[in-house]
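Participant: Dropping the structure in here first, questions after.
Every read-out reported here was derived from the displayed coordinates using simple, explicitly stated rules and does not represent laboratory data. Bear in mind that the values here come from a model prediction, so they are computed numbers and not experimental data. Don't worry about glycine lacking a Cβ; one is built from the backbone with ideal geometry, like all the others, and counts go over all protein chains shown.
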Amino acid sequence: MIGGIDPALLISALMVASVPILLAAIGELVVERAGVLNLGVEGMMIMGAVCGFIMAVQTGSALLGFVGGALGGAALSLIFALLTQVLLANQVASGLALTLFGLGLSSLIGQSFVGIRPPSTGTVPFGPLADIPFLGRVLFRHDWVVYASVALVAATWWMLKATRMGLILRAVGESHDAAHALGYKVRKIRVLAILFGGAMAGLGGAYVSLVRVPQWTDGITAGAGWIALAIVVFASWRPWRALVGAYLFGGITVLQLNLQAAGARIPVEYLSMSPYLITIIVLVIMSSGRGKASLNAPASLGKNFHASR
Amino acid sequence: MKRRTLLATAALGLGLAFGGSASAQGMDKVKACFVYVGPIGDLGWTYQHHQGALELVETYGDKVEIAFQENVPEGADAERVLTQMALSGCNIIFTTSFGYMDPTNTVAAKFPDIKFEHATGYKREHPNVSTYNARFYEGRAIQGHIAGKMTKTNKIGYIGSFPIPEVVMGINSYYLHAKKVNPDVELSVVWAFTWFDPAKEADSAKALIDQGVDVIASHTDSTAPLAEAAKTNGAVIGFGQASDMADYKPSPRVSSIIDNWAPYYVKRVGQLLDGTYEQVDSWAGIPEGEVEIGEITDAVPADVKAEAEAMRDAIAAGTYHPFTGPINKQDGSVWLAEGAVAPDGDLLGMNFYVEGISGDIPK
């Protein structure tokens, strides 16, 4: 116990609290590595939240709910792909529109699902491992999505770093003209990346409505998508750093509530703003350190590609 | 400039005259409008207000038309919504959250012949503004009693929304009655700074549970704290807030405070119809049926249940007031002497914790 707070409980709580932003951030990271800036993460998350919820309630299966969430997020991102990759619309404006559209649409289709309890997502049975002091509490008592989110980080890291697919993706993001000259289908690769980003954001959203809150209400993601976007920059487009960023943010969010519950004599207002404050501070430190963060950005980020140019 | 002021004054006077005569004669048809802070499907606060609104149509049929807007942010946006409603022909507008207090009074000044009713506030700056509230603290006393008896860890929790008198009153009442039956009890308060944000409410509940709290009362609008408590398989219990939240019976929801606004809404719109409407400051509770105690489930032992019900009946009969002295303030100074009952004025401006609660109320 430190200051009345049990570290094991805190760590296990922060792992759970970070899952939605982590999943969305990993998706967006891949999208941005392909040179596309999709600011519609919040919209895709909430579509995932509502689609996942409806699917889970209708089928009675949490697993199918997550599939539904991923499909919902991907479906919305398809609109973005159409706008920016086929019609060559401005990415920033399209992304913002996507968020607003997603918030409205989710509220419409979720109307008859308010106040229903979804099927529960069970914890993974680790048997005796769960009883190990400290480690058992921290590592072995979560639902499968927590483990899946970490596995997805590892898979994304490996894909970007060690596979041909990752190399092509990065090439498209660094210089779409060069990639095009080499014969890679820039537009196709980017559309696939956008769909992946949408599916991941959708998964993150579904985690909010199926596990973290377990219910559907309007605006349930409450800005998590924007935090995911900040984490991608924070991570300087590297998967493992995104994990650190998500856990840091989730950790401070959980810590401030725990400090309150433990009766720490710190004014609540400071605690409430602390996650955002820390994010800003870290972003400032990162980008001042010899401009590393900005150097790391994919060179073609946010630029539209047209083969005739 | 002067002429404009003069005209405005004249118009105001005219409006007052017409408004006055209209209410004296009654009306054939009333359009009642409601401003909600959350969605009507929150199954809590807003849901209950909407049930009251629906009851109007049930009671008066064709003579009443209702209109409502959900998810209206407190503050400047509310003013826009209120003006819109006033212009669209509403005769009476119910604003159902504390944060609508100033917007309600501002807009009421511009539309003197429209009646405004503000829930849980205390400002009546114009003759057409009434306020109404419910004595939720009476229900909190019963919850506190159950909490004190039921806690095994001797830690009970309260999720506060905003540090306003209504919430502070609830915290004090809850703590006092838990302490009365369990001197070892400790109270943790988490301020969520929101009325409705299920994710944050769930996180707050989780933080309390992680701190060893096993009875959680919430003063926010959604069922999320109960959903979080439900994950503990019965180790943690809680209460339905504003609405019965019967989906979580028999545990974690062991009882509830139900806000029953329907009688008040029916009465006020009825008065508007028959011309007896007057400005009021209404504060009803368990005796009037505005605060109801939801069924105490079998998760609570029979003797505790009986005691809680006895307290409810005593409050209903007017023989027991939840704030009866001796009660000291947090700093040890005397608030109520032995046998003294808290005056309503003290309660409505309550900005202090009672003795025994640790921590400060955020300013």
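Participant: Grab the other residues whose beta carbon is less than 14 angstrom from that of B:T151, score K and R as +1, D and E as -1, and report the net.
Facilitator: +2
Participant: Which whole number gives the average, over all residues in A:220-233, of C-beta atoms from other chains lying within 10 Å of the residue C-beta?
Facilitator: Mean shielding by partner chains, rounded to a whole number: 1.
Participant: So how do B:K152, A:K185 line up by other beta-carbon neighbours within 10 Å, fewest first?
Facilitator: Ranking B:K152, A:K185 by Cβ neighbours within 10 Å, fewest first, gives B:K152, A:K185.
Participant: Residues with beta-carbon under 15 Å from that of B:E288, excluding B:E288: net charge, scoring Lys, Arg +1 and Asp, Glu -1?
Facilitator: -3
Participant: Shifting gears a bit: For B:211-219, what's the mean count of beta carbons from other chains sitting within 10 Å of each residue's beta carbon?
Facilitator: Taking the mean over all residues of the peptide, I get 2.
Participant: Out of all DSSP beta bridges with both ends in the protein assembly as shown, state the antiparallel percent to the nearest 5.
Facilitator: 20
Participant: If R0 is 60 Å, what FRET efficiency do you get for B:A235 and A:D177 from their C-beta distance, rounded to 0.05?
Facilitator: Efficiency, rounded to the nearest 0.05: 0.50.
Participant: Sticking with this structure for a sec: Sorting B:R80, B:R312, B:R124 on the 10 Å Cβ count, fewest up front, what's the list?
Facilitator: Ascending Cβ contact count within 10 Å gives the list B:R80, B:R124, B:R312.
Participant: Sticking with this structure for a sec: Taking the Cα centre of the protein assembly as shown as origin and charging only Cβ (+1 Lys, Arg; -1 Asp, Glu), how large is the dipole, in debye to the nearest 20?
Facilitator: 3240
Participant: Out of B:S88, B:I156, B:G139, whose Cα points farthest toward the positive end of the dipole of the stretch B:79-228 (charges: +1 Lys, Arg; -1 Asp, Glu; placed on Cβ)?
Facilitator: Result: B:G139.
Participant: In addition: Helix-only mean residue ellipticity at 222 nm, the protein assembly as shown, DSSP H runs n ≥ 4 weighted -39,500 (n - 2.57), per residue, nearest 500. What is it?
Facilitator: Helices in the protein assembly as shown give a 222 nm mean residue ellipticity of -17000 deg cm²/dmol.
Participant: With +1 on each Lys and Arg Cβ and -1 on each Asp and Glu Cβ, how big is the dipole of the stretch B:33-112 about its Cα centre, in debye rounded to the nearest 20?
Facilitator: 220
Participant: Which order results if B:D303, A:D218 are arranged by neighbouring Cβ count within 10 Å, fewest first?
Facilitator: So the residues, fewest neighbours to most, are B:D303, A:D218.
Participant: Something else: Positive end of the charge dipole of the stretch B:189-301 (Lys, Arg +1 and Asp, Glu -1 on Cβ, about the Cα centre): tell me which of B:V300, B:G275, B:A235 has its Cα farthest that way.
Facilitator: B:A235
Participant: By how many nm would the segment from A:L82 to A:L100 lengthen if fully extended, with 0.36 nm per residue of separation less the alpha-carbon distance?
Facilitator: 4.8 nm
Participant: Next question. Counting only other chains, and only Cβ atoms inside 10 Å, what mean value do you get across the residues of A:109-119?
Facilitator: 3
Participant: Given charges of +1 on the Cβ of Lys and Arg and -1 on the Cβ of Asp and Glu, with all other atoms neutral, how large is the dipole of the stretch B:77-192 about its Cα centre, in debye to the nearest 20?
Facilitator: 440
Participant: Something else about it: Relative contact order of chain B: what whole-number percent is it, with Cα pairs under 8 angstrom and at least 6 residues apart?
Facilitator: This gives 18 percent for chain B.
Participant: If you don't mind, another one. Just to confirm a number: summing +1 for Lys and Arg and -1 for Asp and Glu over residues other than B:Q330 whose beta-carbon lies under 9 angstrom from that of B:Q330, what do you get?
Facilitator: -2
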